[in-house]
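For reference, the structure discussed in these notes is given below.
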Amino acid sequence: MTENTLTITDNRTGSTYEIPVQNDTIRAIDLRQIRIHEDDFGMMSYDPAYTNTASCSSRITFVDGEKGVLRYRGYPIEQLAEQSTFLEVAYLLIYGELPNKEQLEYWQERVMHHTFLHQNLSKMMESFRYDAHPMGMLIGTLAAMSTLHPDAKDVHNEKSREKQVWRLLGKLPTVAAFAYRRRIGRPYNYPNSSLNYTANLLYMMDYMNQDDYEVNPILSRALDVLFILHADHEQNCSTAVMRGIGSSLADPYTAMAGAAAALYGPLHGGANEAVLRMLNQIAAVENIPGYIEKVKAGEFRLMGFGHRVYKNYDPRARIIKKVADDVLSVTGGNPLLDIALELEGIALKDEYFVSRRLYPNVDFYSGIIYQAMGFPVDMFPVLFALGRAPGWLSQWLELIDDTEQRIARPRQVYLGQEERDYSPLTQRG
Ligand code: ACO
């Protein structure tokens, strides 16, 4: 008969411990009973970068990195990307079920109703330097939003939480578009809530008073699909930050400013920007073999390759290739795509990448698509943040309702000095 326990023998003492196992997991706190002396602190597990530690239980997103599977609330990403819209997926992530027609209409109306920014906020955005990175503007503006919505501090009030979700999803595209327009010295376009979510974003970024202006539906749909693909990815770096800050009961604007800051890093949301720089640096297909040799020599990494969780083809990368075809059919070919395809083909056959199970991730192609659509490179992580926002929010909502959670506070293994006496400056060698 199998038992759902783990038996641990401490060879230092010969003591044996029975530790319960649930969901293939032991509770780290159960290790604390393992000690040599009565007054020892007890055993901990050491896990830098949380490579094998679950910090929460969640019902939102399922990832099987070995098989290349991604599901939101049980629905395969392929079906959602094919048949759903970004706002519908946002509803699914946040409420747990797909909306019916009335629920979806109400939800869309609520989000689009909250697209306007407080004048103080748009004036504050004016104070960024002319060449400020839009991601820095997004992070700063998100933090400033908390000062305008003090009701958001009432994180245990369900109605208040819902309102902040509408506001955050509604206002983020406006902040992104204002950051972009400010950067290029053009006047802001105010939101047009008769358009869908991504069409409104493209309108706010592009419109220049043309009489015949229309958002290209293929491009707004492509953006919608990219946002769906980025909408959640369980406990990734930025989501862990959102939960970490949320665990101190900070308001969601402040928590999301922190999550966006985590996303800014080149190993996370900055990767698609880095992919594009890399493809530009390679410049021509014939330079690829030399470039790959340098990667294998450890000089630098192949950006857009590898993933902490996916040790198989990232399922989002498959879908994104098709989006790239749709976008390029509107915008015309892109020489970087030829380099990317060739690079991928060579890397997938190379022993270095095969043995380390390094496959293209979602960012390998997203940068090429964004560039073809005319977005400047430094807007890429901002677009990623817009797509990831419903994931951050749904994870934050789940955290607030989780009675097992407390303020996040990891432990450390102390390797520093033993206690010693302070020596006055005159006596130090
Ligand atoms: N190019 C070359 N070698 C790589 C790459 C890469 N992109 N990624 C990992 N490796 C190698 C490492 O050098 C290491 O080799 P070694 O065992 O000989 O030392 C081995 O593969 C394992 O690498 P780790 O760093 O342990 O993998 P980890 O899971 O910590 O890193 C990460 C994952 C950060 C995504 C990494 O693959 C990477 O830096 N990729 C490039 C950046 C990127 O594309 N990031 C986007 C991630 S997706 C997202 O945020 C949406």
For this session: Work out, step by step, the length gained on full extension between M208 and T5: first 0.36 nm times the residue separation, then minus their alpha carbon distance; give nm to one decimal.
Result: 66.5 nm
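Beyond 29 Å between alpha-carbons counts as too far, so tell me which of K101/K163; K67/K321; K153/K311; K67/K349; K67/K322 fall in that bin.
Those over the limit are K153/K311.
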Exercise. For q = 0.07, 0.09, 0.12 Å⁻¹, what log10 I(q)/I(0) does the chain give under the Debye formula with an equal point scatterer on each alpha carbon and no solvent?
Worked result: -0.40, -0.65, -1.05
Seminar exercise, completed: Computed over the chain: longest principal axis from alpha-carbon atoms vs helix 101-113 long axis, angle to nearest 10 degrees, is 80 degrees
Seminar exercise, completed: Computed D for the range 249-406, Stokes-Einstein, Kirkwood radius over alpha-carbon pairs, 10 °C, 1.306 mPa s, to the nearest µm² per second, is 93 µm²/s
Seminar exercise, completed: Output for the range 39-90: trypsin sites (Lys or Arg not before Pro) sitting in coil per DSSP, at most 12 other Cβ within 10 Å, listed by number, reads R59, K67
For this session: Within the range 82-132, list the GluC sites (Glu not before Pro) lying in a DSSP loop whose Cβ has at most 16 other Cβ atoms in a 10 Å radius.
Result: E97
Seminar exercise, completed: For the chain, longest principal axis from Cα atoms; helix 134-148 axis from its Cα atoms; angle between them, nearest 10 degrees, is 80 degrees
For this session: Give me Rg over Rh for the range 352-428, both radii from the alpha carbons and Rh done the Kirkwood way, two decimal places.
Result: 1.27
Exercise. Taking 0.36 nm per residue of separation and subtracting the Cα-Cα distance, what length does fully extending Y414 through T426 add?
Worked result: 1.4 nm
Problem set entry | Neighbour-count order for K322, K294, fewest beta carbons within 10 angstrom listed first | K294, K322
Exercise. For the range 30-44, list residues with backbone N below 20 Å from a point placed 7 Å from the Cα of T16 toward its Cβ?
Worked result: 30-36
Seminar exercise, completed: the chain: longest segment with zero exposed chymotrypsin sites (Phe, Trp or Tyr not before Pro), where exposed means DSSP loop plus at most 12 other C-beta atoms within 10 Å, is residues 301-413
Exercise. Cα centroids of the range 164-204 and the range 61-105: how far apart, whole angstrom?
Worked result: 24 Å
Seminar exercise, completed: Here the range 48-57 yields Karplus 3J(HN,Hα) values (6.51, -1.76, 1.60; θ = phi - 60°; whole Hz; Gly and Pro given as x) of x, 6, 6, 6, 9, 10, 8, 9, 7, 9
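Every number in this text was worked out from the coordinates using simple rules, so none of it is lab data. Bear in mind that the values here come from a model prediction, so they are computed numbers and not experimental data. Here Cβ is always computed from backbone atoms with ideal geometry, including for glycine, and neighbour counts include all displayed protein chains.
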